Amino acid sequence: MAVKYGKFELPTKIKVDETSRSGTFARLIAEPFERGFGHTVGNALRRIILSSLEAPSIMSVRIEGVPHEYMAIEGVIEDMTHIVLNLKNALLRKLPTDEEIHSRESKVISKILDITGDMLDKNGGQYVVTLKDLMGSSDFDIVNPDLAIFSVTKPMTRKVDVKVAIGRGYVPSERHVFGEKGVDEIVIDSAFSPVRLVNYYVENTRVGQDTDLDRLILEVTTDGRITPEEALAFATQIGILHFQVFDQLKFHALTFDQGEIESNTDREALMAQLAFKINEIELSVRSTNCLAGANIETIAELVVMPESEMLKFRNFGKKSLTEIKFKLEQMGLSLGMDLSKLGINRDNVKQIIQEYISEKAGIQA
């Protein structure tokens with residue numbers, strides 16, 4: 001037996017703030033949620049992102065002729081302790097797939113370092129061995145290939161073995177599980193988590209006459225081993241996986257009232273807003289002129305534009321973008337809106353709004 005529940009306000013898409021986006025940072029916005037669900041969803045996603053995402057990290061290192069980490073190496077400026085600390089900063093990327101056999105097992109990358117006198121002479125008597133020198137031919141993508149590992153001042157030839165595995169969280173050296181530890185193998189702490197910081201904020205947003213709905217803003221900072229968008233996508237799937245077990249308690253299936261996007265009254269109110277001319281919403285002269293130069297005449301033509309497109313307009317900067325976004329929020333609107341339920345898209349927006357304006361003018365006449 002299915003039990004009917006009322007409608008829940010739910011986001012239809014995730015927006016990314018293009019003005020602050022980078023390879024390691026993104027501000028992701030989802031709205032509207034029912035009141036309280038912004039904190040419910042935001043806190044759960046934040047905890048999963050911080051604790052459960054996986055990435056490769058170095059587990060151990062072996063340098064020929066170096067039996068332990070508390071010793072100096074002839075011809076090398078740094079002692080072994082400093083070399084271990086440098087290796088902890090290595091950032092490696094790899095997304096294993098189902099097709100890869102034993103993809104989660106640790107892998108040993110071996111390299112014969114042959115530092116010649118000519119190499120020292122070309123570098124002022126000191127050759128800096130980088131992460132790329134140790135792992136350049138491995139299966140892992142190197143995020144920071146120029147990371148300095150140690151500096152050589154004398155010609156030397158040594159074999160270096162680096163063991164890499166994929167895991168999650170932060171694992172101290174004493175908690176690593178090895179099948180068999182090699183001779184002279186130095187085990188190090190591993191920071192598997194590719195996420196550095198996650199913040200979330202909940203603001204009020206508006207749908208129709210409801211002004212107390214939630215807008216969820218997630219700010220995700222990674223170290224480059226995954227992108228912020230990947231972090232959110234992976235965390236979402238991990239959360240769904242853990243909720244599935246409770247679905248066994250489904251004594252009654254729920255069906256939800258989808259509601260109608262708009263009643264006649266709500267539709268009319270929204271169309272009236274969309275039909276406003278740009279010069280009727282009290283923007284600054286600079287912003288108004290920029291929009292006029294882009295041939296945007298009505299609110300409808302403005303809200304169907306994504307932020308990334310707006311910033312391409314001539315003489316249009318972040319200050320104007322912030323002003324426009326604030327003004328639209330006051331109206332319960334936003335950039336990049338999906339107006340498909342009104343039959344409006346970027347290709348026909350001018351035509352439909354003009355038809356609406358003409359229709360209203362005809363009724364009033």
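The values are calculated or read from the model by the stated rules, or taken from the named source; none is laboratory data. Fair warning: this is a prediction, and the values are worked out from it, not measured in the lab. Please note: Cβ atoms are built from the backbone with ideal geometry, for glycine as well, and neighbour counts cover all protein chains shown. Accessible surface is based on the protein model in full, side chains and every heavy atom, while ligands, DNA and RNA are left aside. Shrake-Rupley method; radii C 1.70, N 1.55, O 1.52, S 1.80 Å.
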When the accessible area of the range 121-217 is computed with all protein chains present and a 1.4 Å probe, what percentage of it is carbon and sulfur?
44 percent
Suppose only helical runs count, i.e. DSSP H with n ≥ 4. What mean residue ellipticity at 222 nm does that imply for the chain under -39500 (n - 2.57) per run, divided by all residues and rounded to the nearest 500 deg cm²/dmol?
-8500 deg cm²/dmol
Ile73 long-range amide H proximity, modeled H, under 5 Å:
Met80
Find which of His252, Ser358, Val177 sits farthest along the positive direction of the dipole of the chain, computed with +1 on the beta-carbon of Lys and Arg, -1 on that of Asp and Glu, about the Cα centre.
Ser358
Eigenvalues of the alpha-carbon gyration tensor of the chain, times 5 and square-rooted, give semi-axes in Å, largest first, of 56, 28, 15
At 1.306 mPa s and 10 °C, Stokes D of the range 77-200 from Kirkwood alpha-carbon radius, µm² per second:
98 µm²/s
Long-range amide H contacts for Glu185: which residues qualify at under 5 Å (H placed 1.01 Å from N, peptide plane, sequence gap of 5 or more or a different chain)?
none
Using a Förster radius of 45 Å, what is the FRET efficiency between His252 and Lys318 based on their Cβ-Cβ separation? Nearest 0.05, please.
0.35
Rounded to whole Hz and in sequence order, give me ³J(HN,Hα) for the range 248-257 from the Karplus expression 6.51 cos²θ - 1.76 cosθ + 1.60, θ = phi - 60°, writing x for Gly and Pro.
5, 8, 6, 5, 10, 6, 9, 10, 10, 5
Given a Förster distance of 41 Å, report the FRET efficiency between Phe8 and Asp146 from their Cβ-Cβ distance, rounded to the nearest 0.05.
0.25
Per the rule of 0.36 nm per residue minus the C-alpha distance, extending Asp210 to Glu297 adds in nm 28.5 nm
Residue-by-residue Karplus 3J(HN,Hα) for the range 78-87, coefficients 6.51, -1.76, 1.60, Hz, glycine and proline x
7, 7, 5, 4, 5, 5, 4, 4, 5, 5
Just to confirm, what accessible area per residue do you get for the chain at 1.4 Å probe, in whole Å²?
57 Å²
Whole angstrom only: what separates the Cα centroid of the range 168-213 from the Cα centroid of the range 1-29?
22 Å
Would you mind checking which residues have amide H under 5 Å from Asn204's amide H? H placed 1.01 Å from N; only 5 or more apart, or other chain.
Arg215
Once you order the gyration tensor axes a ≥ b ≥ c over the Cα atoms, which shape class does the range 76-142 get: rounded for a/c under 1.5, otherwise prolate or oblate by comparing a/b with b/c?
prolate
Quick calc: nm separation of the 7 Å Cα→Cβ label points for Glu282 and Phe25 -> 3.3 nm
Approximate spin-label separation Asp121-Arg168, in nm, with each point projected 7 Å along Cα-to-Cβ
5.5 nm
Which entries in the list Lys13/Lys277; Lys15/Lys350; Lys13/Lys163 go over 31 Å, if you measure between the two C-alpha atoms of each?
Lys13/Lys163
Once a ≥ b ≥ c are taken as the square roots of the eigenvalues of the Cα gyration tensor of the range 180-335, is the result rounded (a/c under 1.5), prolate (a/b larger than b/c) or oblate (a/b not larger than b/c)?
oblate
Return the sequence-ordered ³J(HN,Hα) values of the range 43-51 in whole Hz as given by the Karplus equation 6.51 cos²θ - 1.76 cosθ + 1.60 applied to θ = phi - 60°, using x for Gly and Pro.
5, 5, 5, 4, 5, 5, 4, 6, 10
Cα gyration tensor, the range 1-122 - rounded (a/c under 1.5), prolate or oblate:
prolate
Between Ile77 and Ile240, what is the label-to-label distance in nm when each label sits 7 Å out along the Cα-to-Cβ direction?
5.1 nm
